[in-house]
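The next block holds one structure in the form of structure tokens; read it before the comments.
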Amino acid sequence: MDKIMILGASVYQVPLIRTAKRMGLYTVVSSMPGAYPGFDYADKAYYVNTVDKEAILDICRKEGISGICTSGTDVAVATIGYVNDQMGLSGISEEAANKACDKFRMKEAFAEGNVAASRYVRVTSLDEAYEAAEKIGYPVVVKCVDSSGSRGINVVDRREDLKGAYDEAVRYSRKDYVLIESKLSGHEIGVDGMVVNGELILLAPHEKFTYKFRGATMPAGHAFPYKCSDKVYNEIAEQITRATNSLGIDNTAFNSDVFIDGDDVYIIEMGGRAGATCIPELISIYYGFDFYEQMINNALGKPVVMPEGAERVPCMAKLLMSPVDGTLTYIDEEKLDAIRDEGVTVKLDYGVGNNIEKMYNGTTRIGHVIAKADDESAFDRIKDRVYSAMYVDGRSLEELWRE
């Protein structure tokens, strides 16, 4: 039986773990200690930080794994690249992973690869940040270079707000530098896909739903398809190809944030792993194949098959979040079951009695909703029905969101 190492045990790795088990693989899961649901599904669990590449490598060698992968998180990608190089496994290289996991190195690679992207300056102090922002011109984006889930990333419109954003970026980072970027205009979308043996075998642009928090956007959900002209689609393909080539991304799924401004396409960021916020599930529904299976096949060095000709099925997903801190005091399971009977996927991360956090960034989700749909208003009515079945401190989330 082949063994696969999956890094991370959060809600975003659970589908990957369950898919691997369904494929008959022995699953080894590593993550920091905590009440992470993935541990419950693993054949074997190691309570090790996924950024500890030497410890993870020792485990992989001890277990004799045939592949290593993750989904929905950037922090583990550099370790995956390191293990792949050391053990000769299929997947992203360490050099490509390090570029994709450091937004400054990513921007340098984009510049060298002639990728359309924002202007940027690397800074190591608040004084340098003030100087860079003046040079670029407000508004600017202040970024922690090695975080995920929108942590440590803020849009700053004026000088007096820069210090708070800079301090937050430093707080979330393990690096001694921060990125100051020009703020791009246009319509933000997501583009996922997969590169195998240097070939872009899947290009999956999609609409991106976002929440606004302190001037920055954070993911709220996604929808397939993204409707655009052939000219724009071809330009997306061109810029994505330049980005993957410049980073050296190969034999992996990727996730990117993209701005569309008229016919122009700008790459914001690119990660060497599949996106979060239900993107693999939506790709599976829309394109008619199991994206998790293909990610696992790729990690094992097996053929990756993207079936063509299947009927495209419009679909969308959104995160469930709370506008307040509190305790989940009641869940109307009958109401949720009725919604599920309509073919809607409703996943809750918490049960009655659990404390939940007020929406802060992409990590403060309390669940998600997925449905085959092409109308956001109709989808939101379904989401509101889900909120009406969940009570925080005695009040429904639907009511709390209306305030």
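Worth a mention:
- Filter result (assigned to a helix (DSSP H, G or I) and crowded, with 24+ Cβ neighbours inside 10 Å) within region 278-291: I279, P280, L282, I283, F291
- Residues that are farther than 16 Å from N298 by Cβ, touching a residue at least 40 places away in the same chain (Cβ under 8 Å) and surrounded by fewer than 24 Cβ atoms within 10 Å (Cβ to Cβ) within region 66-100 comprise T73, D74, V75, E95, listed in sequence order.
- The residue that is modelled with the highest pLDDT, counting only those in region 1-10 that are surrounded by fewer than 21 Cβ atoms within 10 Å (Cβ to Cβ) and of a type outside the set (D, E), is K3.
- One residue from D325, D341, D349, D337 being surrounded by fewer than 19 Cβ atoms within 10 Å (Cβ to Cβ) and under 14 Å from C278 (Cβ atoms): D349
- Residue match in region 193-205 (condition: without any contact (Cβ under 8 Å) to a residue 60 or more places away in the chain, closer than 28 Å to D374 by Cβ and not aliphatic (A, V, I, L, M)): yes
- Some residue of region 255-274 being among the hydroxyl-bearing types (S, T, Y), in contact with a Leu (Cβ under 9 Å, 6 or more places away or on another chain), at positive phi and touching a residue at least 12 places away in the same chain (Cβ under 8 Å): no
- The residue list S90, S150 contains one member that is in a loop (DSSP other than H, G, I, E, B), modelled with pLDDT of 95 or more and within 22 Å of the chain's Cα centre (by Cα), which is S90.
- Filtered residues of region 308-322 (kept if more than 22 Å from G343 (Cβ to Cβ), part of a loop (DSSP other than H, G, I, E, B) and not aliphatic (A, V, I, L, M)): E308, G309
- Unique match (being out of contact with any helix residue (DSSP H, G or I) (no Cβ under 6 Å at 6 or more places or on another chain), within 22 Å of E199 (Cα to Cα) and not in a loop (DSSP other than H, G, I, E, B)) among E134, E128, E95: E95
- Selection status of V258, under 18 Å from Y211 (Cβ atoms), crowded, with 16+ Cβ neighbours inside 10 Å and either within 18 Å of the chain's Cα centre (by Cα) or among the hydroxyl-bearing types (S, T, Y) (or both): no
The values are calculated or read from the model by the stated rules, or taken from the named source; none is laboratory data. All values reported here derive from a predicted model rather than from experimental measurement. Quick reminder, even Gly has a Cβ in these numbers, built from the backbone with ideal geometry, and neighbours come from all protein chains shown.
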